[in-house]
Amino acid sequence: MELELAGKRALVIGASRGLGAAIARELSVEGAHVAGVSRSISGGAEWPMLACDLGATDAAETIAEFARNELGGVDILVNNSGGPPPSSALDTGAQQLLDAARPMLFTLIELTRLVLPAMREAGFGRILTITSSGVRGPIPGLAMSNTIRAALHGWMKTLAKEVAADGVTVNLLMPGQIDTDRLRSLHQLTAERLGIAPETMTAKAAEAIPTGRFGDPREFAAVAAFLASPRASYVTGLEIPIDGGLLRS
Ligand code: NAD
């Protein structure tokens, strides 16, 4: 299938590694002009990168201006962020949620609002937001992630209906266990907490997935590239697990 991504302008958040980098690479291979954002940049990126902390109060404006300068506008926005540290629900109060919501929720909402007017005027736009399978099946010990991401789904799904008639689609991608730095460090923490070897932890986690293995970031990026493309014009408001069958419903 020809994805018709050539020349499309894609802004990818969290593009320095993991899922964001895999999506940026896939879009770039398909001919899109890509610009990325991450907390820090180490050099050698394959596309223009901005170092910007999503937790900064002016992050959305700074990123939108970077996209205007680098790309001349945004046809495809990939919302992504770092995951918050583990915590139980009992240990997660209003202040912790507010702090984590700035980078993971408020900045992504503000950024989306900034790029939308031009998308609607052009009659084309793709908003993809990476969250977690924890939105549907809350992950024990990740209360902040489970809570804030559910809020992000609420906003994005409401938006999807508001802009559907303008050629703008809004979809949510829920990774299960995709093999990235973040996944490895979470498994390391869990292994320490349980007092078991990291390899035992990794093997147990993989066994719990129907495919019997973690996902490859490229498998995740392939779904994203299709949804970001003009060919996915009749798919909007969806919450899509990319999880090797992990979620039961
Ligand atoms: P990762 O840690 O490998 O990469 C995160 C990216 O976000 C990096 O580019 C990093 O620079 C950027 N980032 C982090 N904090 C930032 C900040 N404050 N400001 C700007 N940029 C920031 O993570 P990943 O595995 O690629 O996952 C991406 C997202 O998906 C995370 O939110 C993660 O929690 C979520 N997720 C991942 C999995 C998985 O299987 N990998 C599962 C569920 C949820």
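What the table below lists for this structure:
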item: Complete set of residues in the range 16-44 that are in contact with a Ser or Thr (Cβ under 7 Å, 6 or more places away or on another chain), surrounded by fewer than 24 Cβ atoms within 10 Å (Cβ to Cβ) and more than 24 Å from residue 176 (Cα to Cα); result: 41
item: Test: residue in the range 171-185 that is more than 13 Å from the ligand (Cβ to nearest atom), in contact (Cβ under 8 Å) with a residue 24 or more places away in the chain, surrounded by 16 or more Cβ atoms within 10 Å (Cβ to Cβ) and not basic (Lys, Arg); result: yes
item: Members of the range 186-207 that are away from the ligand (no atom under 13 Å from the Cβ) and within 21 Å of residue 245 (Cα to Cα); result: 201, 203, 204, 207
item: Identity of the residue in the range 18-56, charged (D, E, K, R) and in contact (Cβ under 8 Å) with a residue 40 or more places away in the chain, that ends up farthest from residue 130 (Cα to Cα); result: 30
item: Sole exception among (1) in a helix (DSSP H, G or I); (2) in contact (Cβ under 8 Å) with a residue 60 or more places away in the chain for residue 128, by number; result: (1)
item: Selected residue (only one of 238, 186 is at pLDDT 95 or above and aliphatic (A, V, I, L, M)); result: 238
item: Single residue of the range 48-65 satisfying the filter (more than 12 Å from the ligand (Cβ to nearest atom) and open to solvent by 20 Å² or more (accessible area, probe 1.4 Å)) that is farthest from residue 189 (Cα to Cα); result: 65
item: Residue ID - nearest to the ligand (Cβ to nearest atom), chosen from residues in the range 120-134 that are hydrophobic (A, V, I, L, M, F, W, C) and buried (at least 23 other Cβ atoms within 10 Å of the Cβ); result: 130
item: Selection from the range 209-234 of residues that are more than 12 Å from the ligand (Cβ to nearest atom), closer than 23 Å to residue 31 by Cβ and loosely packed, with under 14 Cβ neighbours inside 10 Å; result: 218, 233, 234
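Residue-by-condition table, conditions (1) over 30 Å from residue 95 (Cα atoms); (2) under 21 Å from the mean Cα position of the chain (by Cα):
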position: 153; (1), (2): no, yes
position: 177; (1), (2): no, yes
position: 184; (1), (2): no, yes
position: 210; (1), (2): yes, no
position: 230; (1), (2): yes, yes
position: 233; (1), (2): yes, yes
position: 242; (1), (2): yes, yes
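The values are calculated or read from the model by the stated rules, or taken from the named source; none is laboratory data. On a predicted model such as this, the values are computed, not experimentally measured, just so you know. So basically every Cβ, Gly included, is an ideal-geometry build from the backbone, and we count neighbours across all protein chains shown. When the accessible area is computed, the model is the full protein with side chains, heavy atoms only, and any ligands, DNA or RNA have been set aside. Shrake-Rupley method; radii C 1.70, N 1.55, O 1.52, S 1.80 Å.
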